[in-house]
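Everything below concerns the one structure shown next.
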Amino acid sequence: MRKLIALLILLASSVYLPSAFAETLMVAVDNVTVHDEPELSSDVRFQLYRGMEITPEQRSKHGSVTWVRFDIRGHQFWAVETQDNTTEPLLSRKVNIDFCDGSDKKIVVNKKLRTLTVFNRNDSGWEAAKQYSIGLGKGTGLRAETHTITRPYAYLTLKGNRKFDLFESTGNALTKALGGEAVIVLDKKANTLALYHLSHGKLDDEEPQMYSCGEKVVAGDYVVEFAEDKFNLIINKDLYPKTKKFDRQTPEGTYFIARKNPVSRFGLDPDTNSAMPSLQLNYPNSFDAWDGLRYGLISIEQYKRITAATLNMKLPPQDTALGNLIMIHGGGNDDWTAGCIALEDEDMKELLHRVGPHTCVEIK
């Protein structure tokens, strides 16, 4: 029985569309068969999957069936929008998708914060079990740390353009720190961090956002953590989803662990000093394939192969222009990979005992 759910997502871009079809429709059921012509008997070309988006160019009514035409690289294709008066639309305006539905574990990767969190499902939902620090691609950010802070107060000014300043004080000296995009005030006695947003070098009217010293503070492209009497900074740049081979980016979306590689080139068992396994994700997934098809990176036949593998919970083809070999592996949590997710070796060994094949992996 197909799940019938759906959503209209308004376009927020400058792409020209005929006014009658200035909308994006999301596939509302598990899959939709796409035809060459607006007829059920026409040749079937491929399928769309639940959650994919299409931009209608034309609608056509054939009896009780409404067809929607959309174009890909100069080719016209048709999909059923409404079957009849007794069924829900196949393409519609509301959707609620849980790609990890049915899993008892999942991994959530936050690229901006550089964290990997393992969740377990319980009766009330998802519960975080363990969080690890991770590294991404070599060009995705800058890492920095300040000198050791010895005075009761410290003022970290985030100046933009990947720059920052720090000074210490024995008392309140906030006015001396104004300038740039934001100021983070450390009060060592209270064990707190206060984030003040700035506008044209002046404090915004809002009260500061308060954090404990163990929390990560996000301010624009900056991620700041206070630990061991120092500010540690991640300054994000070029943090984009992977779209093609050799772009050195980490994908974004929902994946699963498709394969356990028994011997990885990266990371050594901290106890035996032998090579550890790594976990290969099912990149590219159906949504990566859909984008690749629309932008001319892969053929329809390659799209079919990738979506079939995803549907059957198998490793997709690794020989397309979309790229391959996206792994979770050891080797250290600095930003040094070609698009994989890297952990410290000790953390990777622990993660291998927590998760296994088909574990859902959300990357955002």
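Every number in this text was worked out from the coordinates using simple rules, so none of it is lab data. Here the structure is a predicted model, which means the values were calculated and not measured. Reconstructed Cβ throughout: ideal geometry from the backbone, glycine too, with neighbour counts over all protein chains shown.
Angle, helix 300-311 long axis vs. longest principal axis of the chain, Cα atoms, 0 to 90°, nearest 10?
Around 70 degrees separate the two axes.
Pull the list of the chain cysteines that no other Cys approaches to under 4.7 Å, Cβ to Cβ.
Result for the chain is Cys213, Cys340, no neighbouring Cys Cβ within the cutoff.
Determine the dipole magnitude for the chain: charges of +1 sit on the beta-carbon of Lys and Arg, -1 on that of Asp and Glu, nothing else is charged, the reference point is the Cα centre, and the result goes in debye to the nearest 20. Mind dumping the intermediate values first?
Working: 44 positive and 48 negative charges, 104 e Å.
For the chain, the charge dipole is close to 500 debye.
Two-decimal Rg/Rh of the chain from alpha-carbon positions, Kirkwood Rh?
On the way: Rg = 24.5 Å, Rh = 23.4 Å.
Looking at the chain, the ratio lands at 1.05.
Compute the long axis of helix 345-354 from its Cα atoms, compare it with the longest principal axis of the Cα atoms of the chain, and write down the angle in degrees, 0 to 90, nearest 10.
Taking the Cα atoms of the chain, the angle to 345-354 is about 40 degrees.
When Val32, Val361 are ordered from fewest to most other Cβ atoms inside 10 Å of their Cβ, what list results? Write out the running numbers ahead of the final one.
Numbers: Val32 22, Val361 27.
Ascending Cβ contact count within 10 Å gives the list Val32, Val361.
Shape verdict for segment 300-364, please, from the Cα gyration tensor: rounded (a/c under 1.5), prolate (a/b greater than b/c) or oblate.
oblate
Below 21 Å, Cα to Cα, which lysines can Lys237 reach? Residues fewer than 8 away in the same chain don't count.
Lys111, Lys112, Lys138, Lys159, Lys163, Lys216, Lys245, Lys364
So what is the relative contact order of the chain, in percent, for Cα pairs below 8 Å that sit 6 or more residues apart?
Values: 846 pairs, mean separation 54.0, N = 364.
Over the chain, the number comes to 15 percent.
Going by how many other Cβ atoms sit within 10 Å of their own, how do Ser64, Ser41 line up, fewest first?
Numbers: Ser64 11, Ser41 7.
Fewest-to-most Cβ neighbours within 10 Å comes out as Ser41, Ser64.
Highest mean first, what order results for 225-237, 286-298 on Cβ atoms within 10 Å?
Details: 225-237: 16.8, 286-298: 20.9.
Peptide ranking by packing, descending: 286-298, 225-237.
If you average 1/r over all unlike Cα pairs in segment 147-302 and invert the result, what Kirkwood radius do you get in angstrom?
Values: mean 1/r = 0.0517 Å⁻¹.
It works out to 19.3 Å.
For segment 250-303, calculate the relative contact order in percent as a whole number, restricting contacts to Cα pairs under 8 Å that are 6 or more residues apart. Working shown, then result.
Details: 55 pairs, mean separation 16.3, N = 54.
Value for segment 250-303: 30 percent.
Give me the aspartates and glutamates in straight-line cross-link reach of Lys61: C-alpha distance below 14 Å, same-chain residues under 8 apart excluded.
Counting by Cα, and skipping residues close in sequence, Lys61 has these aspartates and glutamates nearby: Glu37, Glu39, Glu81, Asp84.
Among the aspartates and glutamates, which have Cα under 12 Å from the Cα of Lys105 when same-chain residues fewer than 8 positions away are ignored?
By straight Cα distance, Lys105 reaches Glu127, Glu362.
For a quick check: sort Glu39, Glu81 by the number of other beta carbons within 10 angstrom, fewest at the front.
Numbers: Glu39 13, Glu81 20.
Neighbour counts put them in this order, fewest first: Glu39, Glu81.
With unit charges on the beta carbon (Lys/Arg positive, Asp/Glu negative), name the residue among Leu166, Asn191, Leu203 whose Cα is farthest towards the positive pole of the charge dipole of segment 141-236.
Checking the options against the dipole of segment 141-236, the answer is Leu166.
First check a/c for segment 141-236, with a ≥ b ≥ c the square roots of the eigenvalues of its C-alpha gyration tensor; if it is under 1.5, answer rounded, and if not, answer prolate when a/b is larger than b/c or oblate otherwise.
rounded
For every helix of n ≥ 4 consecutive DSSP H residues, a contribution of -39,500 (n - 2.57) applies; sum these over the chain, divide by its total residues, and give [θ] at 222 nm rounded to the nearest 500 deg cm²/dmol. Walk me through the intermediate numbers first.
Working: 3 runs with 31 residues, N = 364.
The helix contribution divided over the chain gives -2500 deg cm²/dmol.
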